[in-house]
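K.L.:
Quick one: structure below, then a few questions.
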Amino acid sequence: ELRLRRHPEDYGPNITKLLEEGIACPATDYARAKEHQERLKEEMRICIEAVCVDVLLCPATTMPAPDRATTGDPAFNSPWSYTGLPTISFPVGLSDDGLPLAIQLVAKEYEEPEAFWAALWCEKALAVRMAEPPL
């Protein structure tokens, strides 16, 4: 909160709004959210183990990269940010407008090495060229 108050110019309007909503959250609501977060994290661990995979591959965004005014639609990354599960997002192509398109890998808690190994495999398997080399 202190940084936001001292340096409001460092934050765009969308981020400022989200930070202010968080600051205004009553402690009881925050405590309930933390309990829910832990239950959901455990449910995700069980889910990932049930399908016998090391990581989940998911879309990273609902659209190509946005301009600097926003971080984009958080629909596909908010669940993982909320649970605190390790994720890796990386570009896998370009939109028709030349903007990056990305995927994300999600691993179980404390399984960051699995996510990194899967990301390395994806990068090699996809061999995505993000831009044409200069002539």
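K.L.:
Determine, yes or no, whether F116 is surrounded by 12 or more Cβ atoms within 10 Å (Cβ to Cβ), at pLDDT 90 or above and not in a loop (DSSP other than H, G, I, E, B). Before you say what the answer is, go through the steps one by one.
P.N.:
Numbers: surrounded by 12 or more Cβ atoms within 10 Å (Cβ to Cβ): yes; at pLDDT 90 or above: yes; not in a loop (DSSP other than H, G, I, E, B): yes.
Criteria met by F116.
K.L.:
Follow-up question, since we're still on this one. Quick one: count up the residues across the range 19-63 that are of a type in the set (G, A, S), open to solvent by less than 70 Å² (accessible area, probe 1.4 Å) and either more than 30 Å from S95 (Cα to Cα) or touching a Pro at 6+ places or on another chain (Cβ under 7 Å) (or both).
P.N.:
Going through the range 19-63, the residues of a type in the set (G, A, S) turn out to be 22, 24, 27, 31, 33, 50, 60.
Cutting the leftovers down to open to solvent by less than 70 Å² (accessible area, probe 1.4 Å) gives us 22, 31, 33, 60.
After this cut, where a residue has to be either more than 30 Å from S95 (Cα to Cα) or touching a Pro at 6+ places or on another chain (Cβ under 7 Å) (or both) as well, the list is 22, 31, 33.
The total comes to 3.
K.L.:
Okay, next question. For T83, state whether it is open to solvent by less than 50 Å² (accessible area, probe 1.4 Å), closer than 24 Å to E35 by Cβ and of a type in the set (S, T, Y).
P.N.:
yes
K.L.:
Continuing with the same structure: Determine the pairs where a residue that is more than 24 Å from A127 (Cβ to Cβ) and of a type in the set (G, A, S), located within the range 77-97, has a partner that is open to solvent by less than 50 Å² (accessible area, probe 1.4 Å) and not in a strand (DSSP E or B) with Cβ atoms under 7 Å apart, the partner being 6 or more residues away or on another chain.
P.N.:
Going by the 7 Å Cβ cut-off, the qualifying pairs are G84/K41.
K.L.:
When the range 25-53 is examined, which residues are found to be farther than 13 Å from P79 by Cβ and of a type in the set (D, E, K, R)?
P.N.:
Once the filter is applied, which keeps residues that are farther than 13 Å from P79 by Cβ and of a type in the set (D, E, K, R), the range 25-53 yields D29, R32, K34, E35, E38, R39, E42, R45, E49.
Yes/no per residue for (1) in a strand (DSSP E or B); (2) in contact with an Asp or Glu (Cβ under 8 Å, 6 or more places away or on another chain); (3) under 23 Å from K17 (Cβ atoms); (4) at pLDDT below 85:
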position: R39; (1), (2), (3), (4): no, no, no, no
position: E49; (1), (2), (3), (4): no, no, no, no
position: L57; (1), (2), (3), (4): yes, no, no, no
position: M63; (1), (2), (3), (4): no, yes, yes, yes
position: T71; (1), (2), (3), (4): no, no, yes, yes
position: I88; (1), (2), (3), (4): yes, no, no, no
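K.L.:
When you check A31 against the structure, is it over 23 Å from L18 (Cα atoms) and without any contact (Cβ under 8 Å) to a residue 12 or more places away in the chain, yes or no?
P.N.:
no
K.L.:
Quick one: is A69 over 18 Å from the mean Cα position of the chain (by Cα), among the aliphatic types (A, V, I, L, M) and farther than 30 Å from A125 by Cβ?
P.N.:
no
The values are calculated or read from the model by the stated rules, or taken from the named source; none is laboratory data. Here the structure is a predicted model, which is why all the values come from computation and not from measurement. Methodologically, a virtual Cβ is constructed for each residue, glycine included, from the backbone with ideal geometry; neighbour enumeration extends over all protein chains shown. Note: accessible area is taken over every heavy atom of the protein model, side chains too, but ligands, DNA and RNA are not part of it. Shrake-Rupley method; radii C 1.70, N 1.55, O 1.52, S 1.80 Å.
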